[in-house]
Amino acid sequence: QLQASGGGLVQAGGSLKLSCAASGSFIVIELMAWYRQAPGKQRELDATITRPSNTNYADSVKDRFTISGDNAKDTWYLQVNSLKPEDTAVYYCYANAVTTYGTRNYWGQGTQVTVSS
């Protein structure tokens with residue numbers, strides 16, 4: 001239902017743009033988010049976006065990451081700039097959506113971001 005892409009290997013200071021495309025019988029996606037999970041660590045929230053375009057960021061990524069969405073395409077993005085080695089993680093997209101069966105939570109499969117020093 002959620003397809004994440006855009007990860008890769010980048011040097012410190014570099015940038016990537018992650019994408020997450022939603023497909024399925026959503027009535028409306030209420031909230032979209034990006035999480036990360038580094039090896040041996042718990043999954044943590046980086047950024048959220050709710051309708052119409054209200055955003056929130058973790059302190060560790062504020063001013064470096066930007067979340068945005070294209071409601072017409074049910075796709076959202078995470079622009080990640082000034083990457084640091086500690087940003088290395090699997091990045092997961094998440095959506096909270098209203099469906100004909102009620103409100104549901106969805107996770108993408110994750111996309112690996114590796115930042116070399």
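Nothing in this text is a laboratory measurement; each read-out follows from the coordinates by a stated rule. Here the structure is a predicted model, which means the values were calculated and not measured. Quick reminder, even Gly has a Cβ in these numbers, built from the backbone with ideal geometry, and neighbours come from all protein chains shown.
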Among ALA58, ALA22, ALA95, which one shows the biggest mean-square fluctuation in a GNM of the chain, springs joining Cα atoms closer than 10 Å? ALA58
Under unit Cβ charges (Lys, Arg +1; Asp, Glu -1), what dipole magnitude, rounded to 20 debye, does the chain have relative to its Cα centre? 100 debye
Mind ordering 101-108, 60-67 by average Cβ neighbours within 10 Å, highest first? 60-67, 101-108
So what J values fall out for region 92-107 if you push phi through Karplus, 6.51 cos²θ - 1.76 cosθ + 1.60 with θ = phi - 60°, rounded to Hz, Gly and Pro as x? 10, 9, 9, 9, 10, 10, 8, 10, 5, 9, x, 7, 10, 10, 10, 10
If packing is taken as the average number of other Cβ atoms within 10 Å across a peptide's residues, how do 30-42, 79-91 rank, most packed first? 79-91, 30-42
